[in-house]
Amino acid sequence: MVKLLICGASGMLGQDVVRAAELAGHEVVTTGRNSLDVTDSEAVALTVERERPEAVVNCAAYTDVDGSEREREDAMRVNAGGARNVAAAAAGVGASVLYLSTDYVFDGSKDAPYVESDEPNPLGSYGASKLAGESETAAMNPRHHVVRTSWLFGTGGRNFVETMIKVGAREREVTVVCDQVGSPTYTAHLADGIVRLVGTDAYGLHHMSAGGHCSWYDFAVAIFDRAKLSCEVLSTTTDALGRAAPRPRCSVLETERDDAIYLPEWRTGLDDYLAER
Ligand SMILES: NC(=O)c1ccc[n+]([C@@H]2O[C@H](COP(=O)([O-])OP(=O)(O)OC[C@H]3O[C@@H](n4cnc5c(N)ncnc54)[C@H](OP(=O)(O)O)[C@@H]3O)[C@@H](O)[C@H]2O)c1
């Protein structure tokens with residue numbers, strides 16, 4: 001059992017990490033944006049010094065991918081500056097730090113899944129800010145876990161599954177992109193993986209996503225099938241959709257680590273989510 005301090009504990013993933021950590025018997029201290037702004041270095045240092053955790057899990061982030069294109073500095077301030085503050089404060093009390101990162105650090109041009117040794121090349125500001133957060137975390141605290149994950153959905157926040165279920169109950173058809181491929185990951189499964197990792201000395205970079213992969217189109221079809229909704233899924237392309245931020249075409253994550261933690265398949269995640277919501 002260890003003492004964990006969790007930043008961004010009210011976010012979609014943060015809520016599940018708190019639950020998983022408590023279930024595992026850890027002593028958990030939670031901080032949300034209201035109680036601890038990670039961009040406030042002094043407040044972060046004071047909180048960490050007061051609580052003296054053995055590990056800090058940083059789930060706080062600016063996560064609006066399209067918004068990051070307009071608010072580049074805000075994304076950097078939270079995802080890179082915040083990461084620096086949290087990692088440095090943890091190092092100050094001899095605690096390890098775990099930083100969450102994303103498949104969007106890759107440009108999606110590889111023909112195979114991305115492993116930890118692949119060179120990142122973010123296409124947009126969000127990915128760039130998260131990559132900067134990875135570097136800040138590693139620079140400030142040698143005892144760091146950087147966990148890259150993808151396409152999260154969970155009961156604690158707005159997500160693609162919930163959007164599809166709402167649309168599917170209302171509309172006869174919905175249009176979804178078919179040319180972005182990734183691994184939809186259930187936050188409860190990821191939280192279990194994070195809690196298993198956090199107490200270990202398997203430091204460095206970890207790719208941790210659900211097993212298997214699909215396109216957003218395939219994912220929508222599976223959601224309607226499992227939720228028994230008769231909504232037709234029409235396919236479109238990323239270019240036709242014209243979102244503000246460019247997105248990688250294929251950002252499937254795999255791990256090459258001997259000590260990797262594997263998560264259940266994305267379809268299992270979807271079933272578990274639908275049973276839980
Ligand atoms: N969602 C995905 O598909 C996805 C995919 C790959 C990686 N990730 C990464 O996984 C992690 C968790 O994501 P999530 O989906 O759980 O995101 P989320 O629901 O948006 O949670 C992020 C939390 O951070 C808080 N926050 C924002 N700015 C803060 C600040 N300055 N100080 C303290 N807290 C702050 C947010 O509060 P407010 O709600 O009040 O802003 C929110 O509670 C993030 O690092 C994200 O980059 C997410």
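Counting alpha carbon pairs within less than 8 Å and at least 6 residues apart, what relative contact order, in whole percent, applies to the stretch 40-184? Mind dumping the intermediate values first?
Working: 212 pairs, mean separation 37.0, N = 145.
Answer for the stretch 40-184 is 26 percent.
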Tilt, helix 41-51 to longest principal axis of the chain (alpha-carbon atoms), in degrees rounded to tens, equals 70 degrees
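Over the stretch 215-277, with every protein chain in place, what whole percent of the accessible area is carbon and sulfur at 1.4 Å, could you tell me?
Numbers: 1550 of 3490 Å².
Exposed carbon and sulfur together represent 44 percent of the surface.
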Fully extended, how many nm does the chain gain between residue 225 and residue 271 (0.36 nm per residue separation, minus their Cα-Cα distance)? 15.5 nm
Pull out a ≥ b ≥ c, the square roots of the eigenvalues of the alpha-carbon gyration tensor of the stretch 73-176, then state rounded if a/c is under 1.5, prolate if not and a/b is larger than b/c, and oblate in the remaining case. prolate
Relative contact order as a percentage, the stretch 2-119, C-alpha pairs under 8 Å and 6+ apart, gives 27 percent
As a test question: what accessible area, to the nearest 10 Å², does residue 216 have when a 1.4 Å probe is rolled over all protein chains in place? 40 Å²
Carbon and sulfur %, accessible surface of the stretch 3-134 computed with the full protein complex present, 1.4 Å: 44 percent
Yeah, the stretch 1-93 with a ≥ b ≥ c from its alpha-carbon gyration tensor (a/c under 1.5 is rounded, else prolate when a/b outruns b/c, oblate otherwise) is oblate
Would you list 267, 77 from the most to the least accessible area, probe 1.4 Å? 77, 267
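With the contact rule set at Cα under 8 Å and sequence spacing of 6 or more, what percent relative contact order holds for the chain?
Details: 626 pairs, mean separation 58.7, N = 277.
21 percent.
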Round to the nearest 10 and report in Å² the accessible area of residue 214, as given by a 1.4 Å probe over the protein chains' heavy atoms. 10 Å²
Could you work out what % of the accessible surface of the stretch 142-212 is carbon and sulfur, using a 1.4 angstrom probe and leaving DNA, RNA and ligands out of the count? 50 percent
Give me the percent of Cα-Cα pairs in the stretch 206-263 that sit more than 17 Å apart, rounded to a whole number. 58 percent
Equivalent ellipsoid, the stretch 113-254 (semi-axes from 5 times Cα gyration tensor eigenvalues, Å): 31, 18, 12
Gaussian network model of the chain, Cα within-10 Å springs - most flexible of 58, 34, 141: 34
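Add -39500 (n - 2.57) for each DSSP H run of 4 or more in the chain, then divide by its residues: what number comes out at 222 nm, to the nearest 500 deg cm²/dmol? Each step should come with its number before you reach the end.
On the way: 11 runs with 107 residues, N = 277.
Mean residue ellipticity, 222 nm, calculated: -11000 deg cm²/dmol.
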So if I take the centroid of the Cα atoms in the stretch 11-58 and the same for the stretch 67-134, what is the distance between those two points in Å? 19 Å
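Can you sort 71, 42, 22 by solvent-accessible area, 1.4 Å probe, largest first? Could the numbers behind the result be given before it?
Values: 71 75, 42 135, 22 110 Å².
Descending accessible area places them as 42, 22, 71.
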Counting only the heavy atoms of the protein chains, how much of residue 35 is accessible to a 1.4 Å probe, in Å² to the nearest 10? 80 Å²
How many angstrom lie between the C-alpha centres of the stretch 205-277 and the stretch 137-185? 7 Å
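For the chain, what is the accessible area per residue in Å², given a 1.4 Å probe and the full set of protein chains? Working shown, then result.
Working: 12390 Å² over 277 residues.
Normalised by residue count, the accessible surface of the chain is 45 Å².
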Any residue on another chain or 5+ positions along whose placed amide H is under 5 Å from the amide H of residue 176 is listed here as 234, 235, 236
Antiparallel %, DSSP beta bridges [both residues in the chain], to 5: 5 percent
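Once a ≥ b ≥ c are taken as the square roots of the eigenvalues of the Cα gyration tensor of the chain, is the result rounded (a/c under 1.5), prolate (a/b larger than b/c) or oblate (a/b not larger than b/c)?
prolate
The values are calculated or read from the model by the stated rules, or taken from the named source; none is laboratory data. Note that the structure is predicted; figures quoted are calculated from it, not measured. We work out accessible area using only protein heavy atoms, side chains counted, and drop any ligands, DNA or RNA first. Shrake-Rupley method; radii C 1.70, N 1.55, O 1.52, S 1.80 Å.
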